[in-house]
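Below is one structure, written out as C-alpha cells, with a few remarks after it.
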Amino acid sequence: QDVTIPIIVKDTTSFYWQIVLAGARAAGKDLGVNVPELGAQSESDINGQISILENAVAGAPAAVVISPTEFKALGKPIDEAAKAVPIIGIDSGADSKGFTSFLTTDNVQGGRIAADGLAAAIKEATGKEEGEIAIITSLPGVGSLDQRHEGFVEVIAAKYPGLKVVADKYADGQATTGLNMMTDLITANPNLVGVFASNLIMAQGVGQAIAENKLGDKIKVIGFDSDEKTVGFLKEGVLAGLVVQDPYRMGYDGIKTALAASKKEKVETNVDTGANLVTKANMADPKIDALLNPKVN
Amino acid sequence: MTGLHDITKLHAEGHPVAKGEPILELRGLQKKYGAVEALKPANITFLSGEVHAIVGENGAGKSTLIKLLTGVIRRTSGEVFWCGKSVQLATPTEAIARGINAVHQEVVLCRHLTVAANMFLGDEIQANGLMRKRAMTEAAQAVLDDLGFNLPAGALLSDLTIGQQQLVATARAAMRGTQFLIFDEPTAYLTRQESAQLFRLIRRLQSEGVTIVYISHRMEEVFELADRVSVLRDGTHVGTRLIGETNDAELISMMINRTIEQIYHKEHLPIGETIVETRGLSGPGFDDISLSVRAGEIVGLYGLIGAGRSEFALGLYGRQPVSGGEIFWQGDKVKIANERKAMDLGIALAPESRRDQGLCLNLPIGLNINLPIFDRLTKGLTINRRREIENADKQISDLKIKTPTRRVLASAMSGGNQQKIVIGKWLSHGAKLFIFDEPTVGVDVGTKAEIYRLFARLLEQGAGIILISSYLPEVYELSDRLHVFRQGKLVASHTYRSASHEEVLTQAIGV
Amino acid sequence: MSVETTTETAPVPKRGMNILFGLTLLGLLLFLWLLLGMSTTSFWTSNNISNLLRQGSMTAILAVGQTFVIITAGIDLSVGAVVGFASVTIAWLLQAGVPLWPAMGLTLLVGVAIGAFHAFGIVRMGLPAFIITLATLTSLRGIGLLITNGSTISISNDAFTDFSRADFLGVPSLFWMVLVVAVPAYIFLHLSRWGRYLFAVGSNSEAARLSGVNVNRTIYLAYILSSTCAAFVGLLLASRIGIGNATQAEGWELQAIASSVIGGTSLFGAVGSVHGPLLGAFILATINNGANLLNVNSFWQRIITGALIIIIVYFDQLRRRASR
Amino acid sequence: MSVETTTETAPVPKRGMNILFGLTLLGLLLFLWLLLGMSTTSFWTSNNISNLLRQGSMTAILAVGQTFVIITAGIDLSVGAVVGFASVTIAWLLQAGVPLWPAMGLTLLVGVAIGAFHAFGIVRMGLPAFIITLATLTSLRGIGLLITNGSTISISNDAFTDFSRADFLGVPSLFWMVLVVAVPAYIFLHLSRWGRYLFAVGSNSEAARLSGVNVNRTIYLAYILSSTCAAFVGLLLASRIGIGNATQAEGWELQAIASSVIGGTSLFGAVGSVHGPLLGAFILATINNGANLLNVNSFWQRIITGALIIIIVYFDQLRRRASR
Ligand SMILES: Nc1ncnc2c1ncn2[C@@H]1O[C@H](COP(=O)(O)OP(=O)(O)OP(=O)(O)O)[C@@H](O)[C@H]1O
Ligand SMILES: Nc1ncnc2c1ncn2[C@@H]1O[C@H](COP(=O)(O)OP(=O)(O)OP(=O)(O)O)[C@@H](O)[C@H]1O
Ligand SMILES: [Mg+2]
Ligand SMILES: [Mg+2]
C-alpha cells in the first residue's frame, strides 16, 4: 500500500462523518489505498481543519479528499494544496478552483426537501399546510447547517405561506440543550405544529422532548441524518421524517475518484450524491434501508 | 535615578521639624470595624527625634493605630497633623512619600520575590525604563550588611525563616522610613542577638533624626529604648509617660487595670516517668539530638534563629521524615511516620508560625480551635454541635481570646489573640507531651502569665512540655532543663537556673 | 474629601450569616421567577416549572460535587467529560446485556475511579488540579468516542429512560435526584467532620496537617465525590436523552463552576456551601428557560446570560459587603 | 566569630534556576521532535516545520497574554471569545470599507476595551476574575453572532489574507508574530518594573499595596494585555481563515491556560515566565502535528494528548523538585 490518500472530514466526532469515513475505509481496502482518516473535532473549527489539511499535504500523498468546513475560509488553503496534489471535494464546496472533482450533496437542497417534508407531514396531520413552526439549529456559524437553514426558509417562504416560523433557535451542539429548548418551545408556543431539527444531535434532543411530552401526533418534526436512535423515533412516530444523505457513497466514491485523479485519469467534475426524505412509509425500501443502515466498520 | 535617590529626594521634601517639636499629632483618631471600635478617639503626639513606645494588651489597638498611620486602613474619624499640617494618610503611597514607614507585626512581603526585590518593591532602580537588577541586589546587600543582618539579598524570601523575613522587613523600612519609622513587635521572632542588632539600628536612626515608634510586649525593651511610652487599653489611650517617670508595675497596671505580682509562674512539681526520649535523632536541619522529657517537667530549647529547634520538633511530630536515630515513647521504641501517629501517641504541637502553620486564617475561630479533635466530637455521622460549641467557647473564655463569638474569622483577630487560638487548639486535646514552639510570640504580659500558669496546669495533669523559645528570659525562667541548640546540634544542657544568661547565650552563639 | 469611609473587611459576628446569604440568593431567584411570571403567561404553569426543575437538576448536582473540590482550593475541569463518558458507559453496559442495577453501579464506580485518579495525580504526582483534570477531560472524551466509534449508543431499556420523565408527588424525578444528592451533601459538608476538613485543607493545608487532618485523604474524598456526582449526572443524562454519547455535556464544567461561584463559593478555597451552588444552577437554568419562553433570539440570549451573571454576582457582592 | 552573625540559614540564591527550567522544557520539546523525526519521514521537511510553527503560533500568543493574568493570580476565560469577536470586528470593518490599518488598530482597541472592562469588574465591582471573564465569554460570542447574524463575514482584502500564508526569511509570518509579541513581553515581564509588580500582586497584593505599588493599575495592565493579545490573535486568525466568525476559537482559552501551566505558570499566581508558555504551546502543537503525521486515529489523538500532558508536567515537576 504505497498510495496514500487522506480523507479530511469536518468533524470526526459525529456519526454522519463516521459513515463517510467508513465508506472511505472500504474503498481503501477495495482499491489497495492507504486512507488516513483525518478531521477536526468540531464543524466550527475552521482553523483546525486548515492545519490538518496543511499537515496532510506535508505528508506528500497521492491525492487528498476533503470536505471543506467553510466555503470561504478553505478556499485559499485548498488552492495552495492543489498546487501539490489533486484535491477531491466531498459534501460541501469551497471558494477554490483547485478541485479536481466534486461529490456533493447540496445542503441547500436538503433544507428544501426538509421543508417539503414538514409541510406534507403537517398536512397529513391537520389537513392543511398551516400553523406555527420552529427551527432548531445545533450550532451557529456552521456552513452546512446555515445552508440547510437557507434552503428550508426559502421554500417555506415561497411555497407555504400558511407556515409561520415563530422560533428560530440556535443551540450549543448539545442534545440536552436541544431537548431543553424544545420543551420550552412547547410551553411557550402551544400551537406549534412543526419543527425542523437540522442535524442528528438536535433531532435526538428534539425527538426526546416530543417523546417525553407524547406530542408526536401534534408536532411534526423533520430531522437531518440518521442513526439508530432517530430511526427508532421515526418508527415510533415521534419524528415525522429524516432527510438522509448518502455519506457512505460520498466517502467511497471520494477515494475512488481521488485514486483515479492521482493516476491522471479523467474524472467527472461534479457528482451529486443526493438527499432523500425518509418517512415511516418509505423506510422499508431497500435503497432507503441501505442509507439508514450503513455498513460502518 | 536610583531608588535610593528617590528616597533621599523624599527626605528633602519633608518639612523638617526641630528635634523635640511635634512631628505627628493625632486628634480624635478613631477606627471602627463595623460595630467593633478597635481604636477609640485618641490624642497622641509624637515628637521629632524621639523613640516613642506603645504598649497594651492583645487587641488593645496598637496595630490598628499603626495601620492608620501608614495608610493601610482608613480612619473612621479624627484628624492627623504631619509637621503641623492636616494630612489624609489614605494610601500607603502617601505615607511612604512623607517618609513614614512601618515594620508590621505580620511580615507583609512577597514570598515569591527575592530579598532585594522585596526591599525595592515599588521603588525599583531603573535605567532607560528597565530595572537594574544587579544594582538593586548590590544596593540591598549593602544595606543588609550595613545593618549587620547576615542575609543574602539574592535569596528568595520563601527560603528564609520568619525571623529572617522580619529582618528583611526591618531593613526595608529603615531604607525608606526616612522621617518616621514604626516597629510593631519587631523582636517577636528575634533572638537576643538580632534584637541587639535591631536596637543598635534604632539608636542609629534616632541619632540621624528619625522619629521611632516602638511597639512591644517586652517591658525591658521599652525601658531600654524608649524616651516616652503611651499605653492603650481596649482601644483607649490611657496615658503617656516619660520613661524616667514610670516603671514596670505602673505600665502594667495601666495596661490591664490590675497588677501582676509574678510573670514567670514556676512551680516545681515532682518529676515523673519519662514520656519521650530521643536518641541521636537526625533529620533535615538537626543532627544527633538526644534528649528526654519527663512527666511534670518543662524542657526548654534555646538557640539562635535557624538553630534547628523547630525542625527537631517537626521531626519528632512526624511532619518531616527523620533520617536517623530512635524515639522512645514511654519506654517503647516507636516510629512516628505522620502527624496523626504523633497525635494518637499523645503529642501536641503548637507550631511557630501561626500564619503558615497554625491557623486556617479565613475560617472561624471555633473551627480552628476544634480542628484537632473533630474525630472526638463526632457522634455517628455528624459532629456533636453542642460539644463543638462548648469546647470552642471554653477555650475562648479560658484564654481570654478577645472576640465576641467563635464565628469570627481568625484573620480578624489581633496578632496575640491569634497566637492564643493556636495554643487553645491543643488544650482540649489532652496530650501527654506538648511541644510549644514560640508560644508567646506577640502575647501581652498578662496573657503570658496566664499561659505560663496554664503550663503548670498541664504539668500537674502529668504532661510534659517541650518549650521552644527565642526569648531567653522565658525559657530560662520556666525550664526544668534547658538545652541549647546551635547549627542543628544540641551543644549544652542545663538544669533549672544552673547557668547564667550570658553562659547560655555564649553557647548558643558558639564563640 | 472626608475620610469617613471604611471599606475594609470588618467581620462583625454574623449569626447565621451563611444562611442569610443563601436566602438572599434565593431572593434573587424568586425575583427572577416573579418577573418571568409577570411577563409570560406560561412561566407559572406546572408543566413549565417541571421543565425548569428538570433543566437545572443536572448542573445543580455537578455544581455540588464541584463545590467540594473548589472548597479544597482545587478545580475539577473533567466533570463534563465524565458525564459524557458515564452516559457512554451505561449505554454500553446495557447494550452488552448487563442488568440495569449492576450497570448503574459500575458506572458510578467508574466515576469513583476517575476521581481517585485525579487525587492520585495531585497528591502523589504533584500535578496542579487544573492540569490533571484537563488531561482527563481530553482523554475521557477520546476513550468515549473510541468506544462508540464517534457515534451514539441507543439505550433500549425503557425502565431506565422512563425514569427521567417520571414524576413523584408531582415533582420531576430528576429534581428528586437533586435532593438525593444535596441532603447527604449538606450533612457531609456542614455537619460532619469531613466537611470541616475540606474547609481546613482549602484554607491552610499545612495547618490542617499539623492538626492531624489527613490532607491526602481529604483531597481524595473531594475529587472522588466530584467525579461520582458527575457519573451520576451521566446516568441521568443517559436516561433523559436515551443515548450514550461521549461528546455530550461539553462545557458543563464551566456551567458547574459558574453555578458554584454564583452560589458564593470562592475559587481560592475554604468558602462554600451546598445550597449556594444549587441556587446558582437554578438561576442559570431560569435565565435560559425565561429566554426561551420570551422567545429571545438565541444570540441575545447569550448576551443577556453574560450580563445577568455579572449583575447577580455583583449584587451578591454588594450585599455581602454591606452585611459586614 | 563576632556576635553579629547568624550564619546558619543563609540560603544560596538560585541563580538562573528559571532559565534552566525553560531549557529543560525545551529539552522535552526537542526530544519530541527527535522522536517524530525518527518515526516519520515527513516531520523534518521544511514544509512541515512551517506548518508546525504556524499551528502553534496563535496559542502561543494567547498563552503569553494569559500568563500575565495568571501571574497576578487571576484567570482570563474570555480569550477564545475575544479571538472570535476580533475576527468578526476586523471582517466587519473591512466590509464597511474601513482601510486595513485603521481597521486593525480599531480591532486591537476593542481588545483593550474588553480587558479594561474585565479589570473594572474585578477592581471596582469586586467580581471574581473567573466570573467576569466567563460572562464576557458568553456575551461576546452573542454579540459577534448578532453582528454576523450567526453566519460569517468574508474578508476580500487579499493583502490581509495573504499575510498569514507568507514567509519571511523562510519562516512563516505567523511565527514572526510570536516573536513580535514575545520579545516585548519578555522585556516587560522580566526586565521592567511593571513585570515585577505583576509578580508582587500575584504573590501578596497587600504587600504590594503597602509598598506603594498601584495594585489596581497593575490588574488593569494584566487584563488589557491579555485581551489585546487575544484581539491580535483574532487578527491573525481572520487572516488565516479569511472570514470573520464569532464561534471560532472555541475552547482556546483552555488551550492557552494549559500551555501556560505546562510552561510552568502557577495558577496560584506569582510564578511564570514568557518562554514557558511559548514552549507549552509548541509542545501541544507538536503533539497534534505528530499525531496527524503518524496517522493516529483522532480519538486516540485525544487520549494521547491527555496522557502526554500528564507525563510532561509530571516530569517537569520531578525535575523541579530534584533541582531544589
Ligand atoms: N480586619 C479586622 N476586622 C475586624 N476587627 C479587627 C480587624 N483587625 C483588627 N480587629 C480588631 O481590632 C482590635 C484591635 O486589634 P489590633 O490588631 O490593633 O490589636 P493589637 O493591640 O495590635 O494587639 P496584639 O498585641 O495582639 O497585636 C481587636 O479587637 C481586633 O479583633
Ligand atoms: N527541608 C529542609 N532541608 C534541609 N534543611 C532545612 C530544611 N528545612 C529547614 N532547614 C534548615 O534547618 C535549619 C534549622 O531551622 P529551624 O527553623 O528548625 O531553626 P529554629 O532553631 O527553630 O529557628 P527559628 O527560630 O528560626 O525557628 C535552618 O538552617 C533551615 O534552613
Ligand atoms: Mg498587633
Ligand atoms: Mg523555630
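Straight Cα distances below 13 angstrom link A:K159 to the aspartates and glutamates A:D116, A:E129, A:E130, with same-chain residues fewer than 8 positions distant left out. Residue by residue along C:198-205, Cβ atoms of other protein chains within 10 Å of the local Cβ number 5 on average. In region C:20-63, burial by the other protein chains removes 20 Å² or more of 1.4 Å probe accessible surface, compared with the chain on its own, from C:S42, C:N47, C:N51, C:Q55. Protein-only accessible surface at a 1.4 angstrom probe places the residues B:R204, B:R354 in the order B:R204, B:R354, largest first. With its label point defined 7 Å out from Cα along the Cα-to-Cβ axis, C:L26 lies at 6.0 nm from the matching points of the other copies, in increasing order. In this rough spin-label picture, where each label sits 7 Å from Cα along the Cβ direction, the C:W101-D:F315 distance is 4.9 nm.
With the simple spin-label model, which puts each label point 7 Å out from Cα in the Cβ direction, the A:A157 to C:E206 separation comes to 6.8 nm. Ignoring ligands, DNA and RNA and using a 1.4 Å probe, state the total buried accessible area between A and C in Å², rounded to the nearest 100. Answer for the A-C pair: about 2800 Å² buried.
On the basis of the beta-carbon distance and an R0 of 56 Å, C:D167 and B:F81 show a calculated FRET efficiency of 0.15.
Separation of region B:322-392 from region D:40-72 is 49 Å, based on Cα centroids. Considering only C:T136, C:L237, C:P184, and ranking their Cα positions along the charge dipole of region C:59-323 that arises from unit charges at the beta-carbon of Lys, Arg, Asp and Glu, the one farthest toward the positive end is C:P184. Based on Cα contacts under 8 Å between residues 6+ apart, chain C shows a relative contact order of 35 percent. Going from the chain on its own to the full set of protein chains, region C:131-150 has these residues losing 40 Å² or more of accessible surface (heavy atoms, 1.4 Å probe, no ligands, DNA or RNA): C:I131, C:L134, C:A135, C:T138, C:S139, C:L145, C:L146, C:N149, C:G150. Each peptide among A:17-25, C:93-101 gets the average number of other Cβ atoms lying within 10 Å of its residues, and from highest to lowest they stand as A:17-25, C:93-101. Computed over neighbours whose Cβ is under 15 Å from that of D:A119, the net charge equals +1, Lys and Arg +1, Asp and Glu -1. Within 10 Å of the Cβ of each residue in C:241-254, the mean number of Cβ atoms contributed by other protein chains is 6.
Considering only beta bridges that DSSP places wholly inside chain B, some 55 percent are antiparallel.
About its Cα centre, chain B has a charge dipole of approximately 1420 debye under the convention of +1 per Lys or Arg Cβ and -1 per Asp or Glu Cβ, with nothing else charged. Chain D packed on chain C takes about 3700 Å² of accessible surface away from a 1.4 Å probe, both sides summed.
Helix A:107-126 axis versus longest C-alpha principal axis of chain A: approximately 20°, rounded to the nearest ten.
A Förster radius of 45 Å combined with the Cβ-Cβ distance from B:I271 to B:F199 puts the calculated FRET efficiency at roughly 0.75. Would region B:25-84 count as rounded, prolate or oblate if I go by the C-alpha gyration tensor, calling it rounded below 1.5 in a/c and otherwise prolate when a/b exceeds b/c, oblate otherwise? Since a/c reaches 1.5 but b/c is at least a/b, the shape of region B:25-84 is classed as oblate. Summing both sides, the accessible surface hidden between C and B at a 1.4 Å probe radius is close to 3200 Å². Here's the picture: charge each Lys and Arg Cβ at +1 and each Asp and Glu Cβ at -1 in the protein assembly as shown, and of D:N51, D:F199, C:N149 the one pushed furthest to the positive end of that dipole is D:F199. Pull out a ≥ b ≥ c, the square roots of the eigenvalues of the alpha-carbon gyration tensor of region C:59-323, then state rounded if a/c is under 1.5, prolate if not and a/b is larger than b/c, and oblate in the remaining case. Verdict is oblate for region C:59-323. Per-residue 3J(HN,Hα) values for region D:313-318, derived from phi via the Karplus relation 6.51 cos²θ - 1.76 cosθ + 1.60 with θ = phi - 60°, read 5, 5, 4, 4, 4, 4 Hz in sequence order (x marks Gly and Pro). Just going by the charge dipole of the protein assembly as shown, with Lys and Arg at +1 and Asp and Glu at -1 on Cβ, which of B:L242, D:L100, B:I100 is farthest out on the positive end? Positive-end residue among those listed: B:L242. For A:G98, the shell of other residues with beta-carbons less than 13 Å away shows a net charge of 0, using +1 for Lys and Arg and -1 for Asp and Glu.
Taking every protein chain into account, the accessible area of chain A amounts to 34 square angstrom per residue (probe 1.4 Å).
Largest GNM mean-square fluctuation among C:F120, C:F175, C:F68, using chain C with Cα springs under 10 Å: C:F120.
If Lys and Arg each add +1 and Asp and Glu each add -1, what is the summed charge of the other residues whose beta carbon sits under 12 Å from the beta carbon of A:G111? With Lys, Arg at +1 and Asp, Glu at -1, the net is -3. Per residue, chain C reaches -24000 deg cm²/dmol at 222 nm when only DSSP H runs of four or more residues are counted, each adding -39500 (n - 2.57).
Annotation for B:D288 and B:I389: the two label points, set 7 Å from Cα along the Cα-Cβ direction, are 5.7 nm apart. The order of the peptides B:248-256, B:148-156 by mean Cβ neighbours within 10 Å, most packed first, is B:148-156, B:248-256. The value of relative contact order for chain B, using C-alpha pairs under 8 Å at least six residues apart, is 16 percent. Computed from Cα positions, the angle between helix A:46-58 and the longest principal axis of chain A comes to roughly 20 degrees. Taking a ≥ b ≥ c as the square roots of the eigenvalues of the alpha-carbon gyration tensor, region B:122-182 is classed oblate because a/c is 1.5 or more while a/b is no larger than b/c. Using a 1.4 Å probe on the heavy atoms of the protein chains only, list every residue of region A:166-206 that has 50 Å² or more less accessible area in the complete assembly than in its chain alone. Residues shielded by partner chains are A:K169, A:Y170, A:Q174, A:T176, A:N180, A:D184, A:T187.
For region D:59-323, the solvent-accessible area of protein heavy atoms averages 30 Å² per residue (probe radius 1.4 Å; ligands and nucleic acids excluded). For the peptide A:272-283, the mean number of other protein chain Cβ atoms found within 10 angstrom of a residue's Cβ is 0. Coupling constants for region A:267-273 follow from the phi torsions by the Karplus curve (6.51 cos²θ - 1.76 cosθ + 1.60, θ = phi - 60°), and in residue order they are 10, 6, 7, 9, 10, 9, 8 Hz; glycine and proline get x.
In this Cβ point-charge picture (+1 for Lys and Arg, -1 for Asp and Glu), chain A has a dipole of about 420 debye about its Cα centre. Considering only C:H275, C:H190, C:H118, the Gaussian network model of chain C with Cα springs below 10 Å gives its largest mean-square fluctuation to C:H190. Mean residue ellipticity at 222 nm, helices only, chain B: -10000 deg cm²/dmol; runs of at least 4 DSSP H residues each add -39,500 (n - 2.57), and the sum is divided by the number of residues. Given the options D:G80, D:G111, D:G142, state which has the largest fluctuation in a GNM of chain D using a 10 Å cut-off (strictly under) for Cα springs. Among D:G80, D:G111, D:G142, the largest mean-square fluctuation in the Gaussian network model of chain D belongs to D:G142. Taking the protein heavy atoms of region B:75-232 in the context of the full set of protein chains, the accessible area attributed to carbon and sulfur is 48 percent at 1.4 Å.
When +1 charges are put on Lys and Arg Cβ atoms and -1 charges on Asp and Glu Cβ atoms, the dipole computed for the protein assembly as shown relative to its Cα centre reaches about 1320 debye.
Summary value for chain A: 21 percent relative contact order, contacts being C-alpha pairs under 8 angstrom separated by 6+ residues.
For region D:59-323, carbon and sulfur atoms together expose 68% of the accessible surface, with a 1.4 angstrom probe and every protein chain in place.
The values are calculated or read from the model by the stated rules, or taken from the named source; none is laboratory data. Just so it is clear, the structure is predicted and the values come from calculations on it, not from any experiment. All Cβ positions, even for glycine, are placed from backbone atoms using ideal geometry, and neighbour counts span all protein chains on display. The area values use the complete protein model at the heavy-atom level, side chains included, leaving out ligands, DNA and RNA. Shrake-Rupley method; radii C 1.70, N 1.55, O 1.52, S 1.80 Å.
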